[in-house]
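Please read the structure below before turning to the comments.
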Amino acid sequence: MVKLNKKSEKIVIKIGTSTLSLASGINKEIIQEISQVIAKLKNIGHDVVLVSSGAIAIGVKKLNLPGRPNTILGKQATSAVGQALLIQTYDKYFSGFNIPVAQILLTRESFVQRGTYINARETILELLKMKVLPIINENDTVASEEIKFGDNDMLSAMVADLISADRLIILTDEEGLYDGNPKKDKKAKLIPMVEKITPEIEKLAKGRGSEFSSGGMESKIQAAKLATSEGIVTHIIYGKKPEKIFDILDGTNIGTTFLPSADKNEKRKTWIAYGLITSGKVYVDDGDEKAIALNGKSLLPAGVKKVDGNFTRGAAIEICNLKSNKPFAKGITNYGKSELEKLVGVKSTEIEKALGYTYGETIIHRDDLVILK
């Protein structure tokens, strides 16, 4: 019986190549189990994103190759073959739970360029609203450098940060982080909790993964280091028992838990307020200032009275009082200046009519907005 976790969370689950693949190809039993777990998580109110490795290994098996290719082109080609089979298999099993899946392929450039970063984030969040399961992998086929996300460990941490997830759960072929090598040292003990990832902790994780895995524990610790620095609690657990995720959510310490080193929401608000350069301003009246500053509302197009500056979608802009000209809030805009000028005073339901398209009903969503002191 699955206990109801009263607090709904955004959870990123990463499943690795060593867990997903068998000598004969895809480990369909594990995919069936993880699909059951995710279906239950969604049914009790959690939003879930799955980061899945395995495309290259599955492509190698499908093509009857002797092993993982050594060249970039070889990896890209086998990934293209394997990715199609991988997403097809996920779709088959999740369809049994009436859960549609969406394939999203990302590269490092997706996180560097502001426009693609915003688009990726908003697309994933929109899919979650539509009750779709986003399944994310690195876009190996177009990657211009060797695949070094670390078997998608680092990608999963970056995705967790991208969508402001509450929790990152990494499924692997070990129970968690040990104080020694459990494959060589029978006295090695599992470390149940890590409050801070120190150089000593990082040293414990040295080593590589399996033939097809490019990660190993070292890349998982680096992923945990990134995620916890952004306020995201991170877990490394044994991937062949995905049902243990429910124990984690009920407060049982499974595998190794890495505690966040910062408050996620506070860190993001600080980044918006002080880390982003202001590119423009919008002006609202007293009533809208009160709604935003005191009542926690988003900025809607109907409240905008005037637009200044030269900015594009995804830029940081200030919200100012029309009478005093003083900024009282700052946030990340969903629309550029040229678009906003057409939306001044327009109802949210009329955005698509005014522009011919829409990026959502808000100019700045409250999650991307901070009140200036």
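For the stretch 268-371, the relative contact order comes to 33 percent (Cα pairs under 8 Å, sequence separation of at least 6). In terms of distances greater than 18 angstrom between alpha carbons, the cross-link table entries Lys281/Lys305; Lys7/Lys42; Lys10/Lys40; Lys7/Lys225; Lys28/Lys241 yield Lys7/Lys225. Of the DSSP beta bridges with both residues in the chain, give the percent that are antiparallel, rounding to the nearest 5. Around 35 percent antiparallel, to the nearest 5. All other residues whose Cβ lies under 9 angstrom from that of Ala329 are scored, Lys and Arg at +1 and Asp and Glu at -1, for a net of -1. With a cut-off of 12 Å between beta carbons, the residues surrounding Ser24 carry a summed charge of +2, where Lys and Arg count +1 and Asp and Glu -1.
Projecting the Cα atoms of Gly280, Pro100, Val344 onto the dipole axis of the chain, where Lys and Arg carry +1 and Asp and Glu carry -1 at the beta carbon, places Pro100 farthest toward the positive end.
For Gly309, the amide hydrogen comes within under 5 Å of the amide hydrogens of Lys281, counting only partners 5 or more places away or on other chains and with H modelled in the peptide plane.
With respect to the chain, whose longest principal axis is taken over its alpha-carbon atoms, helix 72-95 is tilted by about 80°. Remark: Ile118, Ile136 ranked as Ile118, Ile136, counting other beta-carbon atoms within 10 Å and listing the fewest first.
Each residue in Phe111, Phe94, Phe258 was given a count of other beta-carbon atoms within 10 angstrom of its own, and listing them fewest first yields Phe111, Phe94, Phe258. Report the FRET efficiency, 1/(1 + (r/R0)^6), for Lys373 and Lys40, where r is their Cβ-Cβ distance and R0 is 35 Å, rounded to 0.05. Once the sixth-power term is evaluated, E becomes 0.25. When the chymotrypsin sites (Phe, Trp or Tyr not before Pro) in the stretch 271-373 are filtered for DSSP coil states and for at most 15 other beta-carbon atoms within 10 Å of their beta-carbon, the remaining sites are Tyr357.
Among Val370, Val49, sorting on how many other beta-carbon atoms sit within 10 Å of each Cβ, with the fewest leading, yields Val370, Val49.
Once the Kirkwood radius over Cα pairs is known for the stretch 220-373, the Stokes-Einstein relation at 10 °C and 1.306 mPa s delivers a diffusion coefficient of 90 µm²/s. Comparing Leu171, Leu86, Leu294 in a Gaussian network model of the chain, where Cα atoms under 10 Å apart are tied by springs, the biggest mean-square fluctuation is seen for Leu294.
Residues considered: Lys225, Lys326, Lys131. Largest GNM mean-square fluctuation over the chain, using C-alpha springs under 10 Å, is found at Lys326. The convex hull defined by the C-alpha atoms of the chain has an orientation-averaged projected area of 20.4 nm². Taking each residue as 0.36 nm, the span from Lys241 to Gln113 lengthens on full extension beyond its C-alpha to C-alpha distance by 42.4 nm.
The numbers here are math on the coordinates, done by the rules we state, and not lab data. In this text the structure is predicted, and so the values were computed from the model without any measurement. Cβ atoms come from the backbone with ideal geometry, glycine included; neighbour counts cover every protein chain shown.
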